[in-house]
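Input: a single structure, listed below in structure tokens.
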Amino acid sequence: MGKGRWSLSYEASFRIKVVLLAAIFGLAIFMIVYYPIISYNPVPYGVASPKGQILLMANLTFDGMKWENAVDLYNNLVLKGDEDYGDYVVLELKTPGWCMDAVVWDGTRYTRRATCVRKVTISKYTFRIPPGSYWYLDGSYHLILYKPEGAPKNYEVVNFTVTYGPKSDWGAFKAAYPEVEREK
């Protein structure tokens with residue numbers, strides 16, 4: 001017997017190497033394919049934009065309806081999330097002195113659905129929700145924010161909340177005059 005040392009045959013060591021290699025590949029495939037499925041974490045609901053950006057005010061006109069120094073949230077309001085909390089989203093203004101109108105293209109003309117309100121409930125289906133987790137306000141829906149009494153200050157901050165089911169998040173923007181307006 002000798003020194004108490006043992007050795008593996010060539011076939012046994014080859015089998016151990018093959019099993020270890022198969023285990024490593026199996027673990028790698030598990031981590032790549034199955035781990036993301038098992039550890040799926042939904043994107044939390046919230047306002048992606050505006051979150052403090054500067055938005056330019058403009059004089060807007062839709063089918064004879066006019067607003068001065070207003071901000072249209074179309075192309076500016078972006079929500080995120082991939083949970084389903086129902087069919088309605090509530091947008092509420094928090095900054096005093098500001099209000100909003102909801103204007104919708106009905107296929108033939110623009111219609112004002114809400115006039116100078118501080119809180120509006122809109123269908124989640126007014127958002128384009130492409131694959132991914134971001135929601136974009138549909139082109140036929142305009143949320144127009146303005147100050148009915150007096151002119152807004154340059155870079156005035158406008159705060160609002162957006163609620164979807166039990167989840168709520170804040171949004172804000174700085175309403176700014178375009179450069180041409182300030183030079184007058």
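The values are calculated or read from the model by the stated rules, or taken from the named source; none is laboratory data. As the structure is a prediction and not an experimental result, all values here were calculated from the model. Cβ coordinates were reconstructed from backbone atoms using ideal geometry, including for glycine residues, and neighbour counts include every protein chain displayed. The accessibility values were calculated without ligands, DNA or RNA, using every heavy atom of the protein model including side chains. Shrake-Rupley method; radii C 1.70, N 1.55, O 1.52, S 1.80 Å.
Worth pointing out:
- Legend: Rg and Dmax of the chain, from Cα coordinates, 28.4, 105 Å.
- In straight-distance terms, cross-link reach from K51 covers every one of the lysines whose alpha-carbon lies under 26 Å from its own, apart from those fewer than eight places away in the same chain; here that gives K80, K94, K119, K124, K147, K153, K167, K174.
- Y10/I37 FRET efficiency (R0 30 Å; Cβ-Cβ; nearest 0.05): 0.15
- Net charge of neighbours whose Cβ lies under 13 Å from the Cβ of L143, counting Lys and Arg as +1 and Asp and Glu as -1: 0
- Computed accessible area, S168, all protein chains, 1.4 angstrom probe, square angstrom: 70 Å²
- For the chain, carbon and sulfur atoms together expose 58% of the accessible surface, with a 1.4 angstrom probe and every protein chain in place.
- Take segment 46-176 with all the other protein chains still there, run a 1.4 Å probe, and you get 50 Å² of accessible area per residue.
- Between helix 10-29 and the chain: long-axis angle, C-alpha atoms, 0 to 90°, nearest 10: 10 degrees
- Residue-count net charge about V47 - beta-carbon cut-off 9 Å; Lys, Arg +1, Asp, Glu -1: +1
- Ligands, DNA and RNA excluded, the heavy atoms of E68 present near 140 Å² of accessible surface to a 1.4 Å solvent probe.
- In Å², nearest 10: area of K167 left accessible to a 1.4 Å probe: 90 Å²
- Förster-model FRET efficiency, 41 Å R0, L21 and D82, C-beta, rounded to 0.05: 0.60
- In this simple spin-label model, placing a label point 7 Å from the Cα along the Cα-to-Cβ direction at both D106 and Y125 gives a separation of 1.7 nm.
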